[in-house]
Amino acid sequence: MSLLTRTGAIFVAVFLTLGLMAPQTAQADATTDKSVTNASTWIADTWKNQRKQFFAAGTTADGVIALSAANQKPDTVRSMLLDLKDRGPRYAADYPAGLAKMIMTADIAGQNPRNFFGCERDLVADLQKMVKERPSKSREYWGPYLIAIALTRSGEQVPDWVIEDMEKNQNKPSGGFGYYENDGSFVGDPDYTAVGISAMDRVANNPKNAKDKARTVANVEQAKTWSAESTNQRQDAASNSYYWQTFSSTNSTGMLASSLGEVGVEIESPVRYLVSQQNTDGGWAAAHKEPGKERKSDVMASTQAVLGVIGKGYGTARSTQVPEMQTCGTTTPTPTAPVITPPKVYPPTVYNTPGYHNVNGREWFTTCEPYSQTKRCTTTLKATTVKWNGARYVVSNDYIFNNLSYLPSPRALWKNNPLAGNGAVSAKVEWTTADGRKWSTECDTANTGRGGCRTYATASVIETITRPGQSNQYKWVSKEIFNSMVQFS
C-alpha cells in the first residue's frame, strides 16, 4: 500500500470506524459472554469518564453500534444517541458516507433513521438526493458500501452505479475487496472485504434490488473465498487461531469475523483470537499483542473487536432496548394534535433551549422539534437511577427523561386536548389511556403559574430506602410523575 493510500485508509478508519454484524456460527459460551459483558462495561465506563476518546460523531456511532449489537448498557446508548443528535448533523453535512453511517446507527439502535435529526427532515431522502447530485463525493473511500447498507436498511433501492462501483473494487481472480495502488496494482484488504461482504449481502436480500441478487450473491461468495485463503490470514500460536490484519489486527479481525458470521461462515478461530487479545480492563488495543505484553485499550479497536466476538455487524444487528426518542406529530395521551399558531417570544430556560446546560450543579440536555405550528422540547437530566434487570437492582448515573415542554400558543387552540386542560382556565382534568395509565392535568395554579398547565402520569417507580449504617434498600411504589407542561401565549 502506498503512503497516500495508507493515509487515506487510516483517515477512513478514524472517521468511519467500521464494525460489521451477523449471526455468529461459532457456538456462544461463557467465555464469549463474559468477553462481551466486559467489553460493554469498558465502553460505557470510557464514555462516562473519558469522553474525549469519542472524539468524532463517527466514533460515538461505533459505540452505539457495539452496545446495541451486545444489547447492553441502554442508558449509555441513549446518552450517545443524544450526542449524535447534537454533533451528527455537522458530521454528515455534505458527506454521503457520514450521513449513511448516521442512518445505519439510528436503525441499529432501534430509532427511526428518517427523522433521527428531527421531524423537519428525512435523512434517507437527503441521502438519496446527495447520492444523485454528488456521485463523485459518494464514491470516496467506503462511501458506496455504507450507502448500500443504509439504503437497504431503510427499505430503499440501491442505485446501479453504487453496486458497480463496489464491484470495481473487488478483484475477481482473488475475490477480495480492496483498492488500487498508484501503479495500478490491486491490493485485497480485510477491512474493505468486510464492509464489501455486508453491503453485497444486504443488496442480495433487498426486495427492491431483486434483479441484482445473482451477481451480488456471487460477489459475497468470492469474498468468502478470499477470506479463507491462508495467504490472506495470519497465525497466532499463542491462541492456536488465525486472524487478519491491516493497520490493526483487532479492528480488521473484528470487522471481517462479524461480516463472515453474517453470511454463515464458521468464525470460531478468529473469535478465539479476539478473546485472547482482550485486555483485563475489557477493551482491546489497536495492535496485536504478545502474551504478557498488554497494550492500552483503544475505543475504535474495542468497538470493532467486540462485534467479531458477538458475530453481528452493520448488516443485521438491531436492538430495541432504547425506546424511540424522536416521535413526530403525535403524543401518547392524546391522538389528536392541536392546531397551534406561531409562538410568541419567551425567555430562555433549561426547558425550551436546545443543548447542554449546567444549572445549580445539575447537568441537563434539551432537544426541540416542530409540533404543528409551535415546538415541543424534550428535556433530560443526568441523575442517579435504580432499575430492576430481572435479577437485581442496578444503580446507574446517566441522562434520563425529565419532561416535555410545549412552547407558548393560544389557549383556545387546545380546546380538545387534556394536556392543556382542554383550553379551559383553571382546569383540572383526569383521564385514563388505553394502556391503563392514569393521567391528570392542572392549569393556572400556584404550581403551574398563570397561563400554563402541568400534566402528571401515574407510574410504578423504584424508591431508595436509606438507613444509617445499613446498605440501601429499594421498593416499588406507585406515584404521580411530572410528564409535561404547556405554556399559553
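Is the shape of the stretch 185-295 best called rounded, prolate or oblate, per the rule: a/c under 1.5 gives rounded, else a/b larger than b/c gives prolate, else oblate, with a ≥ b ≥ c the square roots of the Cα gyration tensor eigenvalues? Write out the running numbers ahead of the final one.
Details: a/c = 2.52, a/b = 2.14, b/c = 1.18.
Prolate, because a/c is 1.5 or more and a/b exceeds b/c.
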With everything on Cα atoms, drop me the angle between helix 123-133 and the longest principal axis of the chain, reported from 0 to 90° to the nearest 10.
-> 50
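On full extension of the chain, what length is gained from V395 through A459, given 0.36 nm per residue of separation minus the C-alpha to C-alpha distance?
Numbers: separation 64, 0.36 × 64 = 23.04 nm, distance 1.91 nm.
Here the answer is 21.1 nm.
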Which of the residue pairs K48/K293; K438/K475; K382/K415; K73/K213; K48/K137; K168/K289 have a Cα-Cα distance greater than 25 Å in the structure shown?
-> K48/K293; K382/K415; K73/K213; K48/K137; K168/K289
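Suppose every K and R has +1 on its Cβ and every D and E has -1 on its Cβ; what is the size of the dipole of the stretch 180-331 about the Cα centre, in Debye to the nearest 20?
Numbers: 14 positive and 17 negative charges, 76 e Å.
Its charge dipole is roughly 360 debye.
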Of the peptides 164-173, 115-124, how do they stack up when ordered by the mean number of other Cβ atoms within 10 Å, highest first?
-> 115-124, 164-173
Computed over the chain: longest principal axis from alpha-carbon atoms vs helix 57-70 long axis, angle to nearest 10 degrees, is 90
Size of charge dipole - the stretch 355-488 - debye, nearest 20, with Cβ of Lys, Arg +1 and Asp, Glu -1, no other charges = 100
So, in nm, how far is label S471 from label T353 when the simple model puts each one 7 Å beyond its Cα toward the Cβ?
-> 4.3
Within 10 Å, count the other beta carbons around each residue, average over each peptide in 432-442, 76-86, and list them highest first.
-> 76-86, 432-442
Under the rule rounded for a/c under 1.5, else prolate if a/b exceeds b/c, else oblate, using alpha carbon gyration tensor axes a ≥ b ≥ c, the stretch 355-488 is classed as prolate
Signed unit charges on C-beta, dipole axis of the stretch 3-310, positive-most listed residue V271, G143, G292 | G143
Could you name the aspartates and glutamates in cross-link range of K296, using Cα to Cα under 18 Å and dropping any fewer than eight places away on the same chain?
-> D45, D281
In degrees between 0 and 90, to the nearest 10, how far off the longest principal axis of the chain does helix 213-228 point, with axes built from Cα atoms?
-> 60
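Quick one: if you take sqrt(5λ) for each eigenvalue of the C-alpha gyration tensor of the stretch 128-205, what semi-axes come out, biggest first, whole angstrom? Show your work: numbers first, answer last.
Working: eigenvalues 93, 44, 16 Å².
For the stretch 128-205, the semi-axes come out at 22, 15, 9 Å.
What FRET efficiency, computed as 1/(1 + (r/R0)^6) with R0 = 41 Å and r the Cβ-Cβ distance, is obtained for W388 and A210, rounded to the nearest 0.05? Before the final figure, lay out the partial values.
Details: r = 46 Å, r/R0 = 1.12.
The calculated FRET efficiency here is 0.35.
Is the stretch 3-310 best put as rounded, prolate or oblate by its Cα gyration tensor, with a ≥ b ≥ c the root eigenvalues, rounded for a/c under 1.5, and otherwise prolate when a/b is larger than b/c, oblate when not?
Details: a/c = 1.58, a/b = 1.11, b/c = 1.42.
Oblate.
What percent antiparallel are the DSSP beta bridges of the chain, to the nearest 5?
95
Using +1 on the beta carbon of Lys and Arg, -1 on that of Asp and Glu, and nothing else charged, what's the dipole of the stretch 95-171 about the Cα centre, debye to 20?
On the way: 10 positive and 11 negative charges, 34 e Å.
Using Cβ point charges on Lys, Arg, Asp and Glu, the stretch 95-171 gives about 160 debye.
The numbers here are math on the coordinates, done by the rules we state, and not lab data. None of these values were measured; they are calculated from a predicted model. A quick note on method: Cβ atoms are made from the backbone with ideal geometry, for glycine too, and the neighbour counts reach across all protein chains shown.
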